[in-house]
Amino acid sequence: MVTPRWPVQGPTAHGLSPRSIGENIQLLVDRPDGSYCFRLHKDRVYYVSERILKVATSIPGDKLVALGTCFGKFTKTGKFRLHVTALDYLAPYAKYKVWVKPGAEQSFLYGNHVLKSGLGRITENTAQYQGVVVYSMADVPLGFGVAAKSTQDCRKVDPMAIVVFHQADVGEYVRHEDTLT
């Protein structure tokens, strides 16, 4: 059960990786309320306090269902997919953010991509295919996405062009409640 603190190398399927939050990943691991770590259990990556991890070692691995907060899982092809359950932990530290207009929030929460007409703001110097956290204009994190266009390209595209590919949103808590472990 012992694995590196962050077992995911390189970009993830959602475009977010330790590089996306940069040195802020240290803030996730060394918190004022204790030390936390990332652990791989079955095909899922969990974010858990080291205090709880020590208690969990007394439970056999085949009997352990979950451990801490699920950040994502590895697919059968070996790609890592972030779960929306990681949003509250990653959103405050994300380098690249997109804000959607109130009229586009519901569309995003139903699993649709963000169009230029629904784009409120975007972090300066966001590269194409960079992982982003999608926010409402009231600074409420809504989900994850991947920038379909760079910041500069967003300024000159058609209003119906896709600027952010949808990856995960808080609506999944309702739509996929059975599979979010």
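Please treat every number below as a calculation from the coordinates, not as lab data. Just so it is clear, the model here is predicted, and its values are computed rather than measured. Here the Cβ is made from the backbone with ideal geometry for all residues, glycine too, and neighbour counts use every protein chain on show.
Couple of notes before you dig in:
- Interatomic Cα distance distribution for region 92-150, bins of 5 angstrom, percent: 4, 21, 37, 25, 12, 1
- Cα lying deepest toward the dipole's positive end in region 37-181, options Val134, Gly61, Gln167, charges on Cβ: Gly61
- Once backbone amide H atoms are built at 1.01 Å from N, Val132 has Gly145, Val146, Ala147 as its partners under 5 Å, excluding neighbours fewer than 5 places away on the same chain.
- Take every pair of alpha-carbon atoms less than 8 Å apart whose residues are at least six positions apart; their mean separation over the length of region 110-181 yields a relative contact order of 38 percent.
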